[in-house]
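Following: one structure in structure tokens, then a few remarks.
The values are calculated or read from the model by the stated rules, or taken from the named source; none is laboratory data. Only a predicted model underlies this, so the values are computations on that prediction, with no experimental measurement involved. Glycine also receives a Cβ, built like all others from the backbone with ideal geometry; neighbour counts cover every protein chain displayed. Surface areas here come from the heavy atoms of the whole protein model, side chains and all, with no ligands, DNA or RNA. Shrake-Rupley method; radii C 1.70, N 1.55, O 1.52, S 1.80 Å.
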Amino acid sequence: MKSLLTRSFAAAAVLTLGIVTAQAGKAPEKDIVETAVAAGSFNTLATALKAAGLIDTLKGKGPFTVFAPTDVAFAKLPAGTVEDLLKPENKAKLVSILTYHVVSGSVSSAQVVKMTSAKTVEGQSVRISTKNGGVMIDNASVVKADVLASNGVIHVIDSVILPQ
């Protein structure tokens, strides 16, 4: 089952990626931040990273694995949540939430499906599970996997995940 899931997850990633991915034999040129910005569906994430002072970190050497919520994922939060988190007085909470989406090291989808949890940069671990042939990070579904960057990998998720 795990083998079938690994193959189907990897196949889905290859078939559905609309974001910059590495071509065979060619390393990606853009870092995680540049890759996310170029995709056009991570504007809220980019704004939050800037407000949290994390842009330079995620442009660093890494490698990092980012479970990146889309703008649509942020829109699912209760009204006013994002605006409140972006206020300077809430920077520590914003940093906590954003670093909960980051795992140190480059963790591919083939590795993710073999895991039950992963320790985040925030310090807590995210739960990893499979459901209906897909991969879940806490309560978020991975909708695109293995978006390669020069300093790691992005797995796109459909919800913002929150530390406990």
Probe 1.4 Å, all protein chains present, accessible-area order of S104, S159, S117, largest first: S104, S117, S159
Collect residues whose amide H, placed 1.01 Å from N in the peptide plane, falls under 5 Å from the amide H of D138; neighbours closer than 5 in sequence don't count. R127, I128, S129
Kirkwood-based Rg to Rh ratio, region 67-107, C-alpha trace: 1.02
At most 11 other Cβ within 10 Å, DSSP loop - trypsin sites (Lys or Arg not before Pro), region 48-101: K61
Whole-angstrom Cα spans of region 45-127 along principal axes, big to small: 37, 27, 20
Using the C-alpha gyration tensor of region 19-164, what are the square roots of 5 times its eigenvalues, in whole angstrom, with the largest one first? 22, 18, 14
Of S109, F74, T44, farthest towards positive along the dipole that unit charges on Lys, Arg, Asp, Glu beta carbons give region 25-131: S109
Interchain or sequence-distant (5+) residues whose placed amide H lies within less than 5 Å of the amide H of K144 are V156
Quick shape check on region 106-164: root eigenvalues a ≥ b ≥ c of the Cα gyration tensor, a/c under 1.5 is rounded, otherwise prolate if a/b tops b/c, else oblate, and it reads rounded
What's the lysine pair count for region 83-164 at a Cα cut-off below 19 Å, pairs eight or more apart or interchain? 4
Under-5 Å amide H pairs with D31, H placed in peptide plane, nonlocal only: S150
